[in-house]
Amino acid sequence: EPDKSAMAQPAPASQRLGGIVAAPPPNVASLPLLATARPIDEIVWHCAATREGQDFTVADIRAWHKQRGFSDVGYHYIVYRDGRIMLGRPVGQQGAHCADGGKNRGTIGCCYIGGVAGDGQMPKDTRTPAQRASMLWLTQQLIAQHRGIKRVTGHNDYTNAKACPSFKVGRDEIGRLM
């Protein structure tokens, strides 16, 4: 069992960064943002590559990742379609979310449920309004907590073979926070 003593107090309700204010997730009162001594310089956003309109959980992603040989879910935070932010792998542990270019080291991996059109084939930005607000809020909170963060990127910034997260982070509000 990983050491969870580094868990912080419940996250603050909101924060202004770069002139943008995001709404906190529905579970903000029970969401501890994790602290770590591991140097963090980047947030990498992903999608779960699940069909539009379908709900999945951290347990589902954990099972998929364990089937692929991972020790645990590869992402540190997962944003559900209703905007709830759930904890995945402890932030103190290196993620297993972006091996392309060695981007697991020094990063926090965040993922939203969705990213594929209803046909199950085509990449699509399927983020709900609640997900967008929570993703922005989480990105703001992580930047504030981990002062070494210099970049917010998407998995597709490191490999042309993947559409993940099915949008260009640099053109999105979350990418413009830096």
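The values are calculated or read from the model by the stated rules, or taken from the named source; none is laboratory data. Bear in mind that the values here come from a model prediction, so they are computed numbers and not experimental data. Here the Cβ positions follow ideal geometry from the backbone for every residue, glycine too, while neighbour counts run over all protein chains shown. Heads up: the accessible areas ignore ligands, DNA and RNA and are worked out on the full protein's heavy atoms, side chains in. Shrake-Rupley method; radii C 1.70, N 1.55, O 1.52, S 1.80 Å.
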Worksheet item: Would you call L138 among the hydrophobic types (A, V, I, L, M, F, W, C), modelled with pLDDT of 95 or more, out of contact with any Asp or Glu (no Cβ under 7 Å at 6 or more places or on another chain) and open to solvent by less than 20 Å² (accessible area, probe 1.4 Å)?
Response: yes
Worksheet item: Looking at segment 1-55, which of the residues that are within 21 Å of G175 (Cα to Cα), at pLDDT below 90 and not in a loop (DSSP other than H, G, I, E, B) is least open to solvent (accessible area, probe 1.4 Å)?
Response: L33
Worksheet item: Pick from T153, T159: which is in a strand (DSSP E or B) and farther than 20 Å from P24 by Cα?
Response: T153
Response to the item:
Restricting segment 90-110 to residues that are touching a helix residue (DSSP H, G or I) at 6+ places or on another chain (Cβ under 9 Å) and among the charged types (D, E, K, R), the one surrounded by the most Cβ atoms within 10 Å (Cβ to Cβ) turns out to be K103
Worksheet item: Can you name the residue in segment 119-135 that is hydrophobic (A, V, I, L, M, F, W, C) and open to solvent by 10 Å² or more (accessible area, probe 1.4 Å) and is also farthest from A29 (Cα to Cα) among such residues?
Response: M122
Discussion item. Kindly evaluate I113 against the criterion of being touching a residue at least 60 places away in the same chain (Cβ under 8 Å), buried (at least 22 other Cβ atoms within 10 Å of the Cβ) and closer than 18 Å to N27 by Cβ.
Written reply: yes
Discussion item. Condition check: in contact with a strand residue (DSSP E or B) (Cβ under 6 Å, 6 or more places away or on another chain) and surrounded by 23 or more Cβ atoms within 10 Å (Cβ to Cβ). Does M86 satisfy that?
Written reply: no
Discussion item. Could you go through segment 64-75 and let me know if any residue there is without any contact (Cβ under 8 Å) to a residue 60 or more places away in the chain, assigned to a loop (DSSP other than H, G, I, E, B), touching a strand residue (DSSP E or B) at 6+ places or on another chain (Cβ under 8 Å) and crowded, with 22+ Cβ neighbours inside 10 Å.
Written reply: yes
Worksheet entry | Enumeration of residues in segment 103-135 that are touching an Asp or Glu at 6+ places or on another chain (Cβ under 6 Å) and part of a helix (DSSP H, G or I) | A130
